[in-house]
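The values are calculated or read from the model by the stated rules, or taken from the named source; none is laboratory data. These numbers come from a predicted model, not from an experiment. Heads up, the Cβs are rebuilt from the backbone with ideal geometry, glycines too, and the neighbour counts pull from every protein chain shown. For the accessible areas, the whole protein counts, side chains as well, though only heavy atoms, and no ligand, DNA or RNA atoms are used. Shrake-Rupley method; radii C 1.70, N 1.55, O 1.52, S 1.80 Å.
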Amino acid sequence: MAASPQQNSRAMNNNYDGFGVPLILPSWIIIGFFLVVPVAMMLMYSFLTKEFRGGVIWEFSLAAYDQFFFDRGLFGDSPPVIEWTYISIFWRSIWQAGVATFFCLLIGFPTAWFIATRTGRNSTIWLFLITIPYWVNLLIRTISMKFLIRDNGPLNEFLISFGVISEPFHIINTNLAVQLGLFYSYLPFMVLPIYAAVERYNFALSEAAADLYASRTVTLTKVILPAVKPGIVAGCILVFVPSLGAFLAPDLLGGAKNFMIGSLIEEQFKGNAGNWPFGAAASMILLSLVLIVLTLYARHQARGQR
Amino acid sequence: MSRDNNIAVDIQNVTKMYGDVTALKGVSLDIRDNEFFTLLGPSGCGKTTLLRVIAGFEEISNGAIILYGQNIANLMPNERPVNTVFQQYALFPHMNVTENVMFGLLRLGQDRANAKTRVGEVLELVQLSDFADRMPSQLSGGQQQRVALARALAPSPKVLLLDEPLSALDLKLRQAVRLELQQIQNQTGITFIFVTHDQEEALTMSDRIAVIESGQVQQVGSAREIYEAPKNKFVADFIGKTNLLDVSVTDLARGKGSCILPGGVQITCPAAEGAHAGSGHLSVRPERITITALGKGLVQGTVARHIYLGTDLHVEVNLVEGGHVTVRMQNSTQIQIPKVGQLVCLDFEPNFARLLVD
Ligand SMILES: Nc1ncnc2c1ncn2[C@@H]1O[C@H](COP(=O)(O)OP(=O)(O)OP(=O)(O)O)[C@@H](O)[C@H]1O
Ligand SMILES: [Mg+2]
């Protein structure tokens, strides 16, 4: 795919490698301390033996991974069969995160387009407005959401008083509630990268398409979407990945039935009931999953470039 | 002009406002079938606006645009059988050359096999057959320009609109592409509407030229007509270099006028339509003036300076009565060049001078 600006900037970086090393050092230190070290610790813990009151015994063990994938019966001596509990939690999480990403894209793209096509200062004002709710802590926002959508909350009262529905619309503790929560938590992560891409979009391309007999739909699908695709992909990753590991929205809005990976992992490190190696193993599996998807995408992109 | 069937585009009294800026003021033009028609004018005069109005990117405030008998003023751009070569090319960056050129053909419902054949033909025409698989970012400016041309030509539009397509090219390449463009226009028989602010480009390429200023058409005609018989001061001054002498017009009849030159000599010369008695301007091209011995010419002055231009030499003369005149001489050894400060007489054939409307 034609990504000459990126290629150019890469070429430039090479020329400035001499300056690059000292300048990039702080980033390396931060990434090292706050990313590499914790992940390495997590990886290590996942291979240790659990201590019953939380914490670990320093003894190598595959028990955590075994527990995740296999069921060996109540006393651990039956022949192993696949354990579906955790895999299905993972699967549900992927599904929930996927739906949330889809809705973020559906709403986020037109929003970003609208903001990017405002003239002058207006687009800055709109961007600012989009980000205002995010100055409030995520926990508080999620709890507020819970109050808004519960059976006798303002949303239902509003709908009933206008006669749209007669019975309260039951949202709380459903998949929909979780998806709404995720959607609301991560919408700006979709809007901002798409905004940046649309902002850079050359609108003469739309005119060229129309000049060459393309309808609006064709212009959108054949010219605009491919051009802003990097922004869309970035937005989807930025929404999907944190949604996958989210625990606030599923905990507060989804109830016990709608458990997601994030909650599962969180449980393992909470109080005395937890199982640190198991939590660490679940995190590593989640991390691997995300990395595999991103690598596949990057491969696909790289092939397109050639 | 009558509305016969060899009119390709008939622009009738088109007005375009941007807010309270009037970009086009009642523009009327007849562009003939098969013609290389050029819109020429200074920056900001409304050339691009007129093209965009024809292509359908701008709604007009008033007027009609008739394309081969059909009023297209209310059609969407994708419904108009015209194609545009954009000033900045606007090639689709994620498509290779073939896909770019094929884009319009596919939208018109051609199947891929036919479209592919046509793309081959058009790329041949613009001499880019070897570049069919390249991405736009892998092409030079001139190659991109030709892809833009190929893309616009591929659907065989009735009219091709070109907005300063050569402005991004260097001089050599520009001259080569100019020739190519003319050849392609001859071969395809498509009506070209070409925008430029480069008068040399306009003069060398066009069948007819419309000179535009401030959103108004000043004059329409062949290169020769516009150069030799400019209607007004703006056209005379904008096309080529000219000397404008302050004269007083005494008599006008049948396209001729009598006037008194600075210094008192009276001559009779062609007059533009609308010229009137009183003070006026006489346009004389620098190459029409010769320097003569004292007492033998029409006006008198002192040589102010020489400007050396390689093949030519410009001699600037300050007239005794005020104002100055540029004389163009060939730079050959046979000609005696008057010295700076020397008093000289200037002579010209009155038939090649022209009385203008202000
Ligand atoms: N979108 C717009 N909004 C407001 N005014 C505009 C707009 N587009 C053009 N104009 C104005 O209309 C006039 C004509 O502009 P146009 O682009 O047609 O000029 P042009 O002849 O193509 O000039 P150039 O040779 O510099 O390209 C100019 O005064 C310009 O400022
Ligand atoms: Mg222009």
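At a 1.4 Å probe radius, carbon and sulfur cover how many percent of the accessible area of segment A:87-305?
70 percent
When Lys and Arg each count +1 and Asp and Glu each count -1, what net charge do the other residues less than 15 Å away from A:Asn156, Cβ to Cβ, add up to?
-1
Give the average, rounded to an integer, of partner chain Cβ atoms located within 10 angstrom of each Cβ in B:71-78.
What the average comes to for B:71-78 is 3.
Give me the net charge of B:Leu29's neighbourhood, meaning all other residues with Cβ under 10 Å from the Cβ of B:Leu29; Lys, Arg count +1, Asp, Glu -1. Mind showing how you got there, number by number?
Details: positive: B:Arg208; negative: B:Asp10, B:Asp30.
Combined, the nearby Lys, Arg, Asp and Glu give -1.
Among DSSP bridges having both ends in the protein assembly as shown, what percentage is antiparallel? Round to the nearest 5.
Approximately 75 percent, going by the DSSP bridge assignments.
Helix B:97-107 against the longest principal axis of chain B: what's the angle in degrees, Cα atoms only, rounded to the nearest 10?
Tilt relative to chain B: about 70 degrees.
Using modelled amide H (1.01 Å from N, peptide plane; none on Pro or chain starts), what sits under 5 Å from the amide H of B:Asn62, excluding residues fewer than 5 places away?
Residues meeting the criterion, in which the H sits 1.01 Å from N, are B:Thr15.
So if R0 is 30 Å, what FRET efficiency would A:Thr174 and A:Phe60 give, r being the distance between their Cβ atoms, rounded to the nearest 0.05?
Approximately 0.10, to the nearest 0.05.
Which of the listed residues, B:Gln182, A:Gln67, A:Phe52, is farthest toward the dipole's positive end in the protein assembly as shown, when Lys, Arg count +1 and Asp, Glu count -1 at the beta-carbon?
A:Phe52
Keeping all protein chains in place, calculate the accessible area per residue for segment A:87-305 (probe 1.4 angstrom), answer in Å².
Per residue, segment A:87-305 has 50 Å² of solvent-accessible surface.
Given springs between every Cα pair under 10 Å in a Gaussian network model of chain B, which of B:Thr188, B:Thr311, B:Thr292 has the largest fluctuation?
Evaluated over chain B, the most mobile residue of the options is B:Thr311.
Using a cut-off of 29 Å between alpha-carbon atoms, which lysines can reach A:Lys257, once sequence neighbours fewer than 8 places away in the same chain are excluded?
Here the lysines satisfying the reach criterion relative to A:Lys257 are A:Lys50, A:Lys146, A:Lys270.
Among A:Val136, A:Val164, A:Val218, whose mean-square fluctuation peaks in a Gaussian network model of chain A (Cα, cutoff 10 Å)?
In this elastic network of chain A, the residue with the biggest mean-square fluctuation among A:Val136, A:Val164, A:Val218 is A:Val164.
Residues in segment B:293-327, backbone N under 16 Å from the label point at B:Asp347 (7 Å along the Cα-to-beta-carbon vector): list them, ranges by number please.
So the set is B:293-301.
Per 10 Å bin, what is the whole-percent P(r) computed from every C-alpha pair distance within segment B:209-357?
Result, from short to long distances: 11, 39, 33, 15, 1 percent.
Cut-off 10 angstrom, C-alpha nodes, Gaussian network model of chain A. Which of A:Ile143, A:Ile29, A:Ile125 fluctuates the most?
A:Ile29
Note down the relative contact order for chain B as a percent, whole number, built from C-alpha pairs under 8 angstrom at least six residues apart. It would help to have the intermediate numbers written out before the result.
Values: 759 pairs, mean separation 54.0, N = 358.
For chain B, the relative contact order is 15 percent.
Helix A:37-46 against the longest principal axis of chain A: what's the angle in degrees, Cα atoms only, rounded to the nearest 10?
40 degrees
Would you be so kind as to identify which of A:Ser161, A:Trp113, A:Met145 lies farthest towards the positive end of the dipole of segment A:87-305, taking Lys and Arg as +1 and Asp and Glu as -1 on Cβ and the Cα centre as origin?
A:Trp113
Rounded to the nearest 100 Å², what's the accessible area chains B and A bury against each other, both chains counted, probe 1.4 Å?
Roughly 2000 Å².
Taking amide H positions as placed 1.01 Å from N in the peptide plane, with prolines and chain starts having none, which residues 5 or more places from A:Glu51, or on another chain, fall under 5 Å of its amide H?
A:Val56, A:Ile57, A:Trp276
Quote to one decimal, in nm, the extra length available between B:Asn74 and B:Gln216 on full extension: 0.36 nm per residue of separation minus the C-alpha distance between them.
Working it through step by step, the gained length comes to 48.9 nm.
Over 10 Å intervals from 0, what percent of Cα-Cα pairs in chain B sits in each interval?
With 10 Å bins starting at 0, P(r) equals 5, 21, 25, 21, 15, 9, 3, 0.
What does the charge count near B:Glu287 come to, summing +1 for each Lys or Arg and -1 for each Asp or Glu among other residues with Cβ under 11 Å from its Cβ?
Numbers: positive: B:Lys241, B:Arg285, B:Arg288, B:Arg328; negative: B:Asp312.
Here the charged neighbours net out to +3.
What are the principal axis extents of the Cα atoms in segment A:222-306, in Å, biggest first?
54, 27, 16
Output the Cα-based Rg and Dmax of chain A in Å, rounding Rg to one decimal and Dmax to a whole number.
Over chain A's Cα set, Rg and Dmax evaluate to 23.6, 73 Å.
Kindly identify residues of segment B:121-141 having a loss of at least 40 Å² in accessible area between the isolated chain and the assembly of all protein chains, probe radius 1.4 Å.
Listed by number, the residues meeting the 40 Å² cut-off are B:Ser137.
Roughly what angle does helix B:141-153 make with the longest principal axis of chain B, taking Cα atoms, 0 to 90 degrees, to the nearest 10?
Here the helix axis deviates by roughly 70 degrees.
Each residue of segment A:135-144 in order: what ³J(HN,Hα) in whole Hz does its phi give by Karplus 6.51 cos²θ - 1.76 cosθ + 1.60, θ = phi - 60°, with x for Gly and Pro?
7, 8, 4, 4, 4, 5, 5, 5, 5, 4
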